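Report on the following structure.
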Amino acid sequence: MYNDKVVDYFMNPRNVGSIDGANGVGEVGNPKCGDVMKVYLDIDGNDVIRDVKFETFGCAAAIATSSMATELVKGLTVDEAMKLTNKDVANELGGLPPQKLHCSLLAEEALHAAIADYKNRKSGASCAEYCNACVPDDEEDSYVPENSRVSD
Amino acid sequence: MDKRRIYLDNSATTATAVEVRDAMLPYFHEAMGNPNSLHSWGRESRKAVDEARESVASLIGASAGDIIFTGSGSAADNLAVKGAAWSARGGKKHVITSAVEHHAVLRTVQWLGKNGFDVTILPVDEYGAVSPEALEGAIRPDTILASVMYANNEVGTINPIAKLGGICKTKGILFHTDAVQAAGHIPLDVRELPVDMLTMSAHKMYGPKGIGALYLRKGVKLTPVLHGGGQEFGLASGTENVPGIVGFGAAARLAEKLFAAGEAERLTKLREKLLDGIVERIPDSFVTGHRTERLPFLASVCVRRIEGEGMVLRLDFVGVGVSSGSACTSGSLDPSHVLLAMGLDHATSHGSVRLSLGRETSEDDIDYVLGKFPPIVETLRKMSPYKG
């Protein structure tokens, strides 16, 4: 199902962990849906991302895309990093199975949330002006989902 | 890199036993006749089908004439549920099932609900079992049928089938049980068990894929799902899958041998060692399903703060094949309907792992898994934003 590069980034994820004193932190996702990603940014005075770390609760695709996204934005300015899309991340990984593409959105949104947090801290504005990634959704619980994952 | 390979996904499918495969082989080429033909080729195949029917019937204490071969366990479930409902059409219109059924039953019942029938889906307790009181309370004057699985495929909990069936018998409604996970692994006897219909599948008991069976008590009227040449007593048209049927017969005979050899007891011991070992060695993990009213071969756990797919892939990397009820192998974001119905929250349900043992599983295999599993959890937890 996953290509070798995805497996590599899942088995040997880059940039796992947190940063003490990060000046931009973003957390998106919903444990209900099975994935949550937290991004820590260390951004220097020229708006360049000096270091980036992540923590992810999620499937292999979520972890691999988290890892790849952090690798891609290290050394970029925050404005350059804002342009990173989930498709860029999936492409860098050599593609994801179609049902896993939504997992790559997590990384994009978490990065954007962390950058928004950084800008917010800098300007004192509300992060809602930049993104709505952390607005929770309130879907109804369903006891009979459309698909089951255990094969029998 | 470990070369070891340990298959612990026998609930998904089992390896066809060598003796089963060998019994099947002649029926592909040498003995290739259509059992419905009059000539000697046909008669030879018919004889093989009849013998296999005897063996499958004998496994559950039934008569050969009560066994209908179908294309799969799902086909048998569809025949039982739709067949009984359709047969009562125009009169009664209520069908009962449980929230933790395999989709072959659950979606079939839901389909009936969209096509003019009334449906009740019974809740389950924290172990995934249906209570006799809940079933009794749901039965109405216009109830046709209740379908409750013998044992759950994700958590292994065994339902109180004798009691549930007894209630249906007293109330005069049909009772079907999907025994796909149970048949061949725990002794079943329809002479004592008050069930009208019971589903089995060969590939869950060391037989081939592509062949199932429905036990149908004499006198129960079903409308066929498949119409055609009238094979299988008019209930499952289509030329018989002779090699598959022969394989099912051989698998049924093997199951009886395994019972006699104490295989269920051996697996229960290994299962308990595995479950104890996991909850001891992995903090914040717990057993799902009932601890004693449980399939001998099925161990299932939830590991908090991490997601199941990661565990499945990392265990696979060290040669261990298991499965998870987590979301994310499909477009849906919902985890297992079974765990949710048992009252677990979404995040916890995403961390489920099922390890299902088989006749090739050794104690050494269990030790290997117990050695490999905890560090995998440790690694994934280091990546998780949730801390203990």
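Per-structure values
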read-out: Qualifying residue in region A:50-73 (condition: over 15 Å from the mean Cα position of the chain (by Cα) and at positive phi); value: no
read-out: Residue match in region B:203-225 (condition: among the hydroxyl-bearing types (Ser, Thr, Tyr), farther than 30 Å from B:Lys171 by Cα, surrounded by fewer than 24 Cβ atoms within 10 Å (Cβ to Cβ) and assigned by TED's automatic domain parsing to the domain that holds B:Ile67); value: no
read-out: Answer from B:Leu370, B:Leu313 - the residue that is in a helix (DSSP H, G or I), crowded, with 17+ Cβ neighbours inside 10 Å, free of Cβ contacts under 8 Å to residues at least 40 places away in the same chain and not aromatic (Phe, Trp, Tyr); value: B:Leu313
read-out: Counted residues, region B:345-364 - those being surrounded by fewer than 15 Cβ atoms within 10 Å (Cβ to Cβ), more than 9 Å from chain A (Cβ to nearest Cβ) and not in a helix (DSSP H, G or I); value: 2
read-out: Subset of region B:286-309 (residues that are on the phi < 0 side of the Ramachandran plot and more than 25 Å from the chain's Cα centre (by Cα)); value: B:Arg304, B:Ile306
read-out: Filtered residues of region A:64-96 (kept if assigned to a helix (DSSP H, G or I) and polar (S, T, N, Q)); value: A:Thr65, A:Ser66, A:Ser67, A:Thr70, A:Asn86, A:Asn91
read-out: Filtered residues of region B:1-59 (kept if under 29 Å from the mean Cα position of the chain (by Cα) and among the aromatic types (Phe, Trp, Tyr)); value: B:Tyr7, B:Tyr27, B:Phe28
read-out: Count of region A:15-30 residues which are in a loop (DSSP other than H, G, I, E, B) and either of a type in the set (A, V, I, L, M, F, W, C) or away from chain B (no Cβ under 11 Å) (or both); value: 5
read-out: Any hit, region B:52-61, residues being part of a loop (DSSP other than H, G, I, E, B) and either more than 14 Å from B:Val246 (Cα to Cα) or in contact with an Asp or Glu (Cβ under 6 Å, 6 or more places away or on another chain) (or both); value: yes
read-out: Residues that are of a type in the set (D, E, K, R) and either within 14 Å of chain A (Cβ to nearest Cβ) or under 22 Å from the mean Cα position of the chain (by Cα) (or both), drawn from region B:104-142; value: B:Arg107, B:Lys114, B:Asp125, B:Glu126
read-out: A:Val36 vs. criteria touching a residue at least 12 places away in the same chain (Cβ under 8 Å), in contact with a Ser or Thr (Cβ under 9 Å, 6 or more places away or on another chain) and more than 8 Å from chain B (Cβ to nearest Cβ); value: no
read-out: Every residue from region B:6-48 that is of a type in the set (S, T, N, Q) and either assigned to a helix (DSSP H, G or I) or over 30 Å from B:Ala299 (Cα atoms) (or both); value: B:Asn34, B:Asn36, B:Ser37, B:Ser40, B:Ser45
read-out: When residues of region A:31-77 are limited to those that are surrounded by fewer than 23 Cβ atoms within 10 Å (Cβ to Cβ) and among the small types (Gly, Ala, Ser), the one nearest to A:Asn3 (Cα to Cα); value: A:Gly75
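Yes/no matrix, rows are residues, columns are (1) of a type in the set (Gly, Ala, Ser); (2) outside any loop (DSSP other than H, G, I, E, B); (3) at pLDDT below 95:
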position	(1), (2), (3)
B:Ala299	yes, yes, no
B:Glu309	no, yes, yes
B:Ser330	yes, no, yes
B:Gly343	yes, no, no
B:Ile366	no, yes, no
B:Thr379	no, yes, no
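Let's see how each residue does on (1) of a type in the set (Gly, Ala, Ser); (2) surrounded by fewer than 24 Cβ atoms within 10 Å (Cβ to Cβ):
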site: B:Gly90; (1), (2): yes, yes
site: B:Gln110; (1), (2): no, yes
site: B:Arg140; (1), (2): no, yes
site: B:Ala151; (1), (2): yes, no
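The values are calculated or read from the model by the stated rules, or taken from the named source; none is laboratory data. These numbers were taken from a predicted model, which means no experiment stands behind them. Please note: Cβ atoms are built from the backbone with ideal geometry, for glycine as well, and neighbour counts cover all protein chains shown.
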